[in-house]
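Trainee: Here it is: the structure, laid out below.
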Amino acid sequence: MTNPKEVKVGVLGATGTVGQRFIALLAHHPFFVIHALGASSRSAGKPYSKAVNWKQTQPIPSAVREMIVQECVPEQFSECAIVFSGLDADVAGDIEQAFRLAELAVFSNAKNFRRDAHVPLIVPLVNTSHFSMIPQQQRLHSPALKKGFIVTNANCSTTGVVIPLAALERAFGPIESCIITTMQAISGAGYPGVPSLDIVDNIVPYISGEEEKIEWETLKILGGVTQSDDGLKAFDMHTKQPLRISASCNRVPVIEGHTECVSVRFARRPPPSPQQVREALQAYTSEAYTIGCPSAPRHTVFVHEEPDRPQPRLDRDYQAGAGVCVGRVRQCRVLDIKFVVLANNVAIGAATSSIINAEYAVLKGIVA
(Lines give C-alpha, C1' and ligand atoms only; values in the text may rest on other atoms or scores of the structure.)
Protein backbone atom coordinates (compact mmCIF):
# COMPACT_ATOMS: atom_id res chain seq x y z
CA MET A 1 0.00 0.00 0.00
CA THR A 2 1.13 3.56 -0.62
CA ASN A 3 1.60 5.89 2.31
CA PRO A 4 -1.51 7.87 3.19
CA LYS A 5 -1.63 11.63 3.44
CA GLU A 6 -0.34 13.41 6.52
CA VAL A 7 -2.06 12.23 9.70
CA LYS A 8 -2.03 14.57 12.70
CA VAL A 9 -1.36 12.84 16.02
CA GLY A 10 -1.14 13.78 19.66
CA VAL A 11 0.84 12.31 22.55
CA LEU A 12 -0.55 12.11 26.08
CA GLY A 13 1.93 11.77 28.92
CA ALA A 14 4.45 13.40 26.62
CA THR A 15 6.98 14.22 29.33
CA GLY A 16 7.16 10.67 30.73
CA THR A 17 9.43 7.83 29.67
CA VAL A 18 6.96 6.23 27.25
CA GLY A 19 5.81 9.62 25.96
CA GLN A 20 9.40 10.55 25.16
CA ARG A 21 9.83 7.30 23.25
CA PHE A 22 6.65 8.03 21.27
CA ILE A 23 8.04 11.44 20.32
CA ALA A 24 11.45 10.06 19.33
CA LEU A 25 9.83 7.41 17.10
CA LEU A 26 7.26 9.77 15.57
CA ALA A 27 9.68 12.61 14.81
CA HIS A 28 10.64 11.21 11.40
CA HIS A 29 7.55 9.12 10.64
CA PRO A 30 6.53 8.97 6.96
CA PHE A 31 2.91 10.03 7.59
CA PHE A 32 2.27 10.67 11.29
CA VAL A 33 2.91 14.29 12.28
CA ILE A 34 2.99 15.38 15.92
CA HIS A 35 0.37 18.09 16.30
CA ALA A 36 -0.26 18.29 20.07
CA LEU A 37 1.43 17.24 23.30
CA GLY A 38 -0.34 16.63 26.60
CA ALA A 39 0.94 16.30 30.15
CA SER A 40 0.04 17.18 33.72
CA SER A 41 -1.10 20.63 34.79
CA ARG A 42 2.38 21.44 36.15
CA SER A 43 3.81 21.00 32.64
CA ALA A 44 0.93 22.57 30.68
CA GLY A 45 1.65 25.98 29.22
CA LYS A 46 5.40 25.43 28.94
CA PRO A 47 7.44 24.78 25.80
CA TYR A 48 8.16 21.07 25.63
CA SER A 49 11.92 21.56 26.07
CA LYS A 50 11.25 23.36 29.38
CA ALA A 51 8.66 20.85 30.63
CA VAL A 52 10.51 17.60 29.98
CA ASN A 53 13.46 15.89 31.66
CA TRP A 54 14.59 14.36 28.37
CA LYS A 55 16.18 10.91 28.80
CA GLN A 56 16.50 9.64 25.22
CA THR A 57 19.81 9.05 23.43
CA GLN A 58 19.01 11.54 20.66
CA PRO A 59 18.26 15.25 21.18
CA ILE A 60 14.69 16.51 21.53
CA PRO A 61 13.29 16.64 17.96
CA SER A 62 13.28 20.20 16.66
CA ALA A 63 9.62 19.94 15.62
CA VAL A 64 8.50 19.68 19.26
CA ARG A 65 11.13 21.66 21.18
CA GLU A 66 9.03 24.83 21.32
CA MET A 67 5.61 23.16 21.08
CA ILE A 68 3.47 24.27 24.02
CA VAL A 69 2.39 21.41 26.25
CA GLN A 70 -1.37 21.19 26.79
CA GLU A 71 -3.45 19.69 29.57
CA CYS A 72 -4.80 16.25 28.71
CA VAL A 73 -8.26 17.39 27.66
CA PRO A 74 -9.88 16.47 24.32
CA GLU A 75 -10.52 20.07 23.26
CA GLN A 76 -6.78 20.65 22.87
CA PHE A 77 -6.49 17.63 20.54
CA SER A 78 -9.56 18.14 18.37
CA GLU A 79 -7.52 18.40 15.14
CA CYS A 80 -5.77 15.08 15.76
CA ALA A 81 -6.93 11.88 14.06
CA ILE A 82 -4.98 9.71 16.52
CA VAL A 83 -3.86 10.10 20.11
CA PHE A 84 -1.07 7.98 21.60
CA SER A 85 -1.25 7.53 25.36
CA GLY A 86 1.88 7.10 27.43
CA LEU A 87 0.00 8.05 30.59
CA ASP A 88 0.60 6.42 33.95
CA ALA A 89 -2.09 3.94 34.90
CA ASP A 90 -3.23 5.99 37.90
CA VAL A 91 -4.58 8.73 35.58
CA ALA A 92 -4.96 7.02 32.21
CA GLY A 93 -8.43 5.50 32.67
CA ASP A 94 -10.57 8.62 32.93
CA ILE A 95 -8.50 10.61 30.45
CA GLU A 96 -8.52 7.93 27.75
CA GLN A 97 -12.25 7.42 28.22
CA ALA A 98 -12.83 11.16 27.75
CA PHE A 99 -10.81 11.15 24.53
CA ARG A 100 -12.74 8.17 23.20
CA LEU A 101 -16.07 9.87 23.95
CA ALA A 102 -14.75 12.93 22.09
CA GLU A 103 -14.50 10.73 18.96
CA LEU A 104 -10.73 10.36 19.01
CA ALA A 105 -8.88 7.12 18.24
CA VAL A 106 -6.75 6.29 21.29
CA PHE A 107 -3.78 3.91 21.08
CA SER A 108 -2.74 3.26 24.65
CA ASN A 109 0.31 1.83 26.34
CA ALA A 110 -1.45 1.91 29.73
CA LYS A 111 -2.99 -1.15 31.39
CA ASN A 112 -6.38 0.35 32.30
CA PHE A 113 -8.47 -1.02 29.42
CA ARG A 114 -6.54 -4.22 28.64
CA ARG A 115 -9.13 -6.36 30.44
CA ASP A 116 -12.13 -4.55 28.93
CA ALA A 117 -14.39 -7.05 27.16
CA HIS A 118 -14.72 -4.77 24.11
CA VAL A 119 -11.20 -3.29 23.87
CA PRO A 120 -8.65 -5.11 21.70
CA LEU A 121 -5.35 -5.98 23.37
CA ILE A 122 -3.14 -6.06 20.30
CA VAL A 123 0.46 -7.04 19.76
CA PRO A 124 0.63 -5.86 16.14
CA LEU A 125 2.93 -8.69 15.02
CA VAL A 126 0.42 -11.26 16.30
CA ASN A 127 -3.30 -10.49 16.47
CA THR A 128 -4.36 -7.63 14.20
CA SER A 129 -7.55 -9.66 13.56
CA HIS A 130 -8.76 -8.36 16.94
CA PHE A 131 -9.34 -4.94 15.36
CA SER A 132 -12.66 -6.51 14.34
CA MET A 133 -13.92 -5.72 17.86
CA ILE A 134 -13.82 -1.94 17.31
CA PRO A 135 -17.24 -1.54 15.61
CA GLN A 136 -18.89 -3.31 18.55
CA GLN A 137 -16.96 -1.14 21.03
CA GLN A 138 -18.31 1.94 19.24
CA ARG A 139 -21.85 0.61 18.83
CA LEU A 140 -22.31 -0.28 22.50
CA HIS A 141 -21.80 3.32 23.61
CA SER A 142 -24.88 5.49 24.02
CA PRO A 143 -25.00 7.37 21.79
CA ALA A 144 -22.93 5.17 19.50
CA LEU A 145 -19.48 6.43 18.60
CA LYS A 146 -18.56 7.14 14.99
CA LYS A 147 -14.78 7.48 15.17
CA GLY A 148 -13.75 7.15 18.81
CA PHE A 149 -12.26 3.93 20.19
CA ILE A 150 -9.47 2.58 22.40
CA VAL A 151 -6.88 -0.01 21.42
CA THR A 152 -4.30 -1.16 23.96
CA ASN A 153 -0.95 -2.83 23.53
CA ALA A 154 0.29 -5.47 25.94
CA ASN A 155 2.61 -5.46 28.90
CA CYS A 156 6.23 -5.38 27.72
CA SER A 157 7.10 -8.85 29.02
CA THR A 158 3.93 -10.37 27.54
CA THR A 159 4.71 -8.85 24.15
CA GLY A 160 8.11 -10.50 23.96
CA VAL A 161 6.83 -14.01 24.58
CA VAL A 162 3.56 -14.01 22.59
CA ILE A 163 5.32 -13.30 19.29
CA PRO A 164 7.26 -16.61 19.14
CA LEU A 165 4.30 -18.43 20.72
CA ALA A 166 2.04 -17.14 17.93
CA ALA A 167 4.54 -18.28 15.32
CA LEU A 168 4.63 -21.76 16.83
CA GLU A 169 0.85 -22.05 17.07
CA ARG A 170 0.49 -20.97 13.45
CA ALA A 171 2.92 -23.69 12.36
CA PHE A 172 2.13 -26.55 14.73
CA GLY A 173 -1.28 -25.93 16.28
CA PRO A 174 -2.18 -25.17 19.88
CA ILE A 175 0.28 -24.96 22.72
CA GLU A 176 -1.21 -26.53 25.83
CA SER A 177 1.28 -25.43 28.52
CA CYS A 178 4.07 -22.91 28.85
CA ILE A 179 6.61 -22.01 31.55
CA ILE A 180 8.15 -18.53 31.36
CA THR A 181 10.98 -17.06 33.45
CA THR A 182 11.75 -13.41 32.78
CA MET A 183 14.86 -11.30 33.36
CA GLN A 184 13.46 -7.81 32.96
CA ALA A 185 15.35 -4.58 32.39
CA ILE A 186 15.12 -1.69 34.84
CA SER A 187 13.71 0.64 32.18
CA GLY A 188 10.50 -1.38 32.42
CA ALA A 189 9.90 0.30 35.78
CA GLY A 190 9.92 3.79 34.25
CA TYR A 191 11.90 6.78 35.49
CA PRO A 192 13.42 7.14 38.08
CA GLY A 193 12.59 3.45 38.41
CA VAL A 194 14.31 0.95 40.71
CA PRO A 195 16.64 2.49 43.35
CA SER A 196 20.30 1.74 42.67
CA LEU A 197 20.76 0.14 46.10
CA ASP A 198 18.07 -2.39 45.18
CA ILE A 199 19.33 -3.39 41.74
CA VAL A 200 23.11 -2.89 41.49
CA ASP A 201 24.87 -6.21 42.22
CA ASN A 202 21.45 -7.79 42.66
CA ILE A 203 18.41 -9.53 41.16
CA VAL A 204 14.94 -8.75 42.50
CA PRO A 205 12.74 -11.87 42.12
CA TYR A 206 9.47 -9.96 42.26
CA ILE A 207 7.70 -7.43 40.04
CA SER A 208 4.28 -6.50 41.34
CA GLY A 209 1.45 -7.84 39.17
CA GLU A 210 3.76 -8.90 36.36
CA GLU A 211 3.34 -12.66 36.52
CA GLU A 212 -0.44 -12.43 36.52
CA LYS A 213 -0.34 -10.02 33.56
CA ILE A 214 1.69 -12.46 31.45
CA GLU A 215 -0.54 -15.39 32.34
CA TRP A 216 -3.77 -13.51 31.57
CA GLU A 217 -2.81 -11.25 28.66
CA THR A 218 -1.30 -14.12 26.67
CA LEU A 219 -4.68 -15.86 26.61
CA LYS A 220 -6.50 -12.79 25.28
CA ILE A 221 -3.86 -12.11 22.63
CA LEU A 222 -3.45 -15.68 21.35
CA GLY A 223 -7.16 -16.45 21.59
CA GLY A 224 -9.71 -15.75 18.88
CA VAL A 225 -12.84 -13.63 18.55
CA THR A 226 -16.13 -15.51 18.64
CA GLN A 227 -19.65 -14.36 17.77
CA SER A 228 -22.80 -15.48 19.59
CA ASP A 229 -26.27 -15.98 18.14
CA ASP A 230 -27.24 -12.43 19.12
CA GLY A 231 -24.37 -11.06 17.04
CA LEU A 232 -22.16 -9.97 19.95
CA LYS A 233 -18.45 -10.69 19.65
CA ALA A 234 -16.22 -11.82 22.51
CA PHE A 235 -12.57 -12.70 23.05
CA ASP A 236 -12.43 -16.46 23.56
CA MET A 237 -9.32 -16.42 25.83
CA HIS A 238 -7.85 -19.49 24.08
CA THR A 239 -10.65 -21.67 25.49
CA LYS A 240 -10.95 -23.87 22.38
CA GLN A 241 -7.63 -25.37 23.47
CA PRO A 242 -6.96 -24.39 27.10
CA LEU A 243 -3.48 -22.96 27.58
CA ARG A 244 -1.82 -23.20 31.00
CA ILE A 245 0.90 -20.64 31.70
CA SER A 246 3.25 -20.35 34.67
CA ALA A 247 5.33 -17.15 34.80
CA SER A 248 8.14 -16.10 37.15
CA CYS A 249 9.36 -12.52 36.84
CA ASN A 250 12.69 -11.03 37.90
CA ARG A 251 14.20 -7.54 37.69
CA VAL A 252 17.86 -7.60 36.64
CA PRO A 253 20.55 -4.88 36.29
CA VAL A 254 20.12 -4.38 32.53
CA ILE A 255 19.02 -1.00 31.16
CA GLU A 256 16.95 -2.14 28.17
CA GLY A 257 15.85 -5.50 26.82
CA HIS A 258 13.75 -8.16 28.51
CA THR A 259 15.14 -11.71 28.30
CA GLU A 260 12.74 -14.62 28.80
CA CYS A 261 13.40 -18.35 29.10
CA VAL A 262 10.45 -20.28 27.72
CA SER A 263 9.45 -23.96 27.71
CA VAL A 264 6.38 -25.15 25.79
CA ARG A 265 4.34 -28.31 25.35
CA PHE A 266 2.33 -28.75 22.16
CA ALA A 267 -1.04 -30.44 21.91
CA ARG A 268 0.28 -32.14 18.75
CA ARG A 269 1.94 -35.47 19.29
CA PRO A 270 4.64 -36.12 18.40
CA PRO A 271 5.82 -32.53 18.87
CA PRO A 272 7.96 -30.66 16.35
CA SER A 273 11.72 -31.02 16.48
CA PRO A 274 14.01 -28.13 17.46
CA GLN A 275 14.97 -27.66 13.80
CA GLN A 276 11.33 -27.51 12.74
CA VAL A 277 10.73 -24.91 15.44
CA ARG A 278 13.68 -22.81 14.23
CA GLU A 279 12.38 -22.92 10.68
CA ALA A 280 8.85 -21.96 11.75
CA LEU A 281 10.11 -19.01 13.77
CA GLN A 282 12.27 -17.76 10.90
CA ALA A 283 9.39 -18.06 8.43
CA TYR A 284 6.85 -16.20 10.55
CA THR A 285 5.68 -12.93 8.98
CA SER A 286 3.19 -10.48 10.42
CA GLU A 287 0.25 -9.01 8.54
CA ALA A 288 1.44 -5.59 9.72
CA TYR A 289 4.59 -6.05 7.64
CA THR A 290 2.88 -7.53 4.59
CA ILE A 291 0.43 -4.62 4.27
CA GLY A 292 3.24 -2.08 4.55
CA CYS A 293 3.23 -0.68 8.10
CA PRO A 294 6.46 1.36 8.00
CA SER A 295 7.48 0.53 11.59
CA ALA A 296 6.88 -3.23 11.30
CA PRO A 297 10.11 -5.29 11.17
CA ARG A 298 11.06 -7.34 8.14
CA HIS A 299 12.14 -10.21 10.42
CA THR A 300 9.40 -10.64 13.00
CA VAL A 301 11.51 -13.28 14.76
CA PHE A 302 15.27 -13.39 14.23
CA VAL A 303 16.68 -16.80 15.15
CA HIS A 304 20.24 -16.97 16.46
CA GLU A 305 22.37 -20.03 15.84
CA GLU A 306 25.12 -19.02 18.29
CA PRO A 307 24.93 -20.87 21.63
CA ASP A 308 25.17 -17.67 23.72
CA ARG A 309 22.64 -15.38 21.98
CA PRO A 310 20.45 -13.37 22.17
CA GLN A 311 21.97 -10.92 24.64
CA PRO A 312 20.40 -7.56 25.58
CA ARG A 313 23.48 -5.39 25.01
CA LEU A 314 24.21 -6.96 21.61
CA ASP A 315 20.75 -7.60 20.18
CA ARG A 316 18.15 -5.22 21.64
CA ASP A 317 18.53 -2.59 18.91
CA TYR A 318 18.36 -4.94 15.92
CA GLN A 319 15.67 -3.63 13.55
CA ALA A 320 15.29 -0.65 15.89
CA GLY A 321 13.95 -3.04 18.52
CA ALA A 322 10.77 -3.69 16.53
CA GLY A 323 11.05 -7.49 16.31
CA VAL A 324 12.19 -10.16 18.74
CA CYS A 325 15.29 -12.34 18.84
CA VAL A 326 15.18 -16.03 19.74
CA GLY A 327 18.04 -18.40 20.46
CA ARG A 328 18.98 -21.67 22.19
CA VAL A 329 16.10 -23.60 20.63
CA ARG A 330 16.40 -27.11 21.98
CA GLN A 331 14.49 -30.04 23.42
CA CYS A 332 13.00 -29.73 26.88
CA ARG A 333 13.11 -32.86 29.04
CA VAL A 334 10.02 -31.78 30.99
CA LEU A 335 7.84 -30.25 28.26
CA ASP A 336 8.73 -30.36 24.53
CA ILE A 337 10.81 -27.38 23.39
CA LYS A 338 12.64 -24.60 25.22
CA PHE A 339 14.23 -21.39 23.97
CA VAL A 340 15.34 -17.88 24.95
CA VAL A 341 13.60 -14.76 23.63
CA LEU A 342 14.78 -11.16 23.82
CA ALA A 343 12.48 -8.20 23.26
CA ASN A 344 13.28 -4.49 23.47
CA ASN A 345 10.86 -3.49 26.21
CA VAL A 346 10.85 0.22 25.35
CA ALA A 347 10.36 -0.40 21.61
CA ILE A 348 8.19 -3.36 20.57
CA GLY A 349 7.28 -3.76 24.24
CA ALA A 350 5.86 -0.24 24.46
CA ALA A 351 5.65 2.70 22.04
CA THR A 352 6.59 0.85 18.84
CA SER A 353 3.66 -1.54 19.32
CA SER A 354 1.20 1.35 19.65
CA ILE A 355 2.62 3.06 16.59
CA ILE A 356 2.40 -0.09 14.44
CA ASN A 357 -1.17 -0.59 15.68
CA ALA A 358 -2.03 2.93 14.55
CA GLU A 359 -0.28 2.45 11.19
CA TYR A 360 -2.31 -0.69 10.63
CA ALA A 361 -5.54 1.13 11.50
CA VAL A 362 -4.78 3.88 9.00
CA LEU A 363 -3.75 1.54 6.19
CA LYS A 364 -6.88 -0.59 6.77
CA GLY A 365 -9.19 2.43 6.83
CA ILE A 366 -10.15 1.90 10.49
CA VAL A 367 -8.94 5.45 11.11
CA ALA A 368 -10.11 7.77 8.36
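Trainee: Check cross-link reach from K55 to the lysines: straight Cα distance under 19 Å, and skip same-chain residues fewer than eight apart.
Mentor: K46
Trainee: Cα to Cα, under 19 Å, and not fewer than 8 places away if on the same chain: which lysines meet these conditions relative to K220?
Mentor: Those lysines meeting the cut-off are K111, K233, K240.
Trainee: Here's a follow-up. Before I look further, what does the range 156-344 give for accessible area per residue, probe 1.4 Å, in whole square angstrom?
Mentor: 47
Trainee: Which semi-axis lengths, in whole Å and largest first, follow from the square roots of five times the eigenvalues of the Cα gyration tensor of the range 156-344?
Mentor: Whole-Å semi-axes of the equivalent ellipsoid: 27, 20, 18.
Trainee: Note down the magnitude of the dipole of the chain about its Cα centre, charges +1 on Lys and Arg C-beta and -1 on Asp and Glu C-beta and zero elsewhere, to the nearest 20 debye.
Mentor: 440
Trainee: Moving to a separate point now. Quick one: net charge around K240, please, counting Lys, Arg +1 and Asp, Glu -1 for every other residue with C-beta under 12 Å from its C-beta.
Mentor: On the way: positive: none; negative: E169, E176, D236.
Once positives and negatives cancel, what remains is -3.
Trainee: Dipole of the range 156-344, Cα-centred, from +1 at each Lys and Arg C-beta and -1 at each Asp and Glu C-beta, to the nearest 20 debye?
Mentor: My answer is approximately 540 debye.
Trainee: Sticking with this structure for a sec: How would you classify the range 321-368 from its alpha-carbon gyration tensor, with a ≥ b ≥ c the square roots of the eigenvalues: rounded for a/c under 1.5, else prolate if a/b is greater than b/c, otherwise oblate? Write out the running numbers ahead of the final one.
Mentor: Numbers: a/c = 4.63, a/b = 2.56, b/c = 1.81.
Prolate, since a/c reaches 1.5 and a/b exceeds b/c.
Trainee: Angle check, please: helix 274-283 long axis (alpha carbons) against the longest principal axis of the chain (alpha carbons), in degrees 0 to 90, nearest 10.
Mentor: The angle comes out at about 30 degrees.
Trainee: Just want to confirm a number: the relative contact order over the range 156-344, from Cα pairs under 8 angstrom separated by 6+ residues, in percent.
Mentor: So the answer I get is 28 percent.
Trainee: Additional query: Kindly express, to the nearest 10 degrees and within the range 0 to 90, the angle between helix 17-26's C-alpha long axis and the longest C-alpha principal axis of the chain.
Mentor: Its long axis makes an angle of about 80 degrees.
Trainee: With n ≥ 4 as the cut-off for DSSP H runs, can you work out [θ] at 222 nm for the chain, using -39500 (n - 2.57) per run divided by the number of residues, rounded to the nearest 500?
Mentor: So the calculated ellipticity at 222 nm is -7500 deg cm²/dmol.
Trainee: Sorted by average packing, counted as other Cβ atoms within 10 angstrom per residue and highest first, what order do 245-254, 103-112, 158-167 take?
Mentor: 158-167, 103-112, 245-254
Trainee: Oh, and also: Tell me, what ³J(HN,Hα) does each residue in the range 119-128 have, in order and in whole Hz, if you take phi through Karplus 6.51 cos²θ - 1.76 cosθ + 1.60 with θ = phi - 60° and put x for Gly and Pro?
Mentor: Couplings: 10, x, 10, 10, 8, x, 8, 10, 10, 4 Hz.
Trainee: Could you give the size of the charge dipole of the range 268-325 about its Cα centre, using +1 on the Cβ of each K and R and -1 on the Cβ of each D and E, expressed in debye and rounded to the nearest 20?
Mentor: Rounded to the nearest 20 debye, it is 200 debye.
Trainee: Follow-up. Tell me, what is the FRET efficiency for Q282 and D198 to the nearest 0.05, using R0 = 35 angstrom and their Cβ-Cβ distance as r?
Mentor: On the way: r = 39 Å, r/R0 = 1.10.
Computed FRET efficiency for Q282 and D198: 0.35.
Trainee: While we're here: Under 14 Å from the Cβ of C249, count the other residues' Cβ atoms, weight Lys and Arg +1, Asp and Glu -1, and hand me the total.
Mentor: Around C249, the surrounding residues sum to -4.
Trainee: Can you give me the angle between helix 210-222 and the longest principal axis of the chain, using Cα atoms only, in degrees from 0 to 90, rounded to the nearest 10?
Mentor: 90
Trainee: With θ set to phi - 60° and the Karplus curve 6.51 cos²θ - 1.76 cosθ + 1.60, what are the ³J(HN,Hα) couplings of the range 223-234 in order, to the nearest whole Hz, using x for Gly and Pro?
Mentor: In residue order, the calculated couplings are x, x, 10, 9, 10, 7, 4, 7, x, 7, 8, 8 Hz.
The values are calculated or read from the model by the stated rules, or taken from the named source; none is laboratory data. Keep in mind that what you see is a predicted model, and the values were worked out from it rather than measured. We place every Cβ from the backbone using ideal geometry, glycine too, and count neighbours over all the protein chains shown. Ligands, DNA and RNA are stripped out before the accessible areas are found, and what is left, the full protein with its side chains, is counted by its heavy atoms. Shrake-Rupley method; radii C 1.70, N 1.55, O 1.52, S 1.80 Å.
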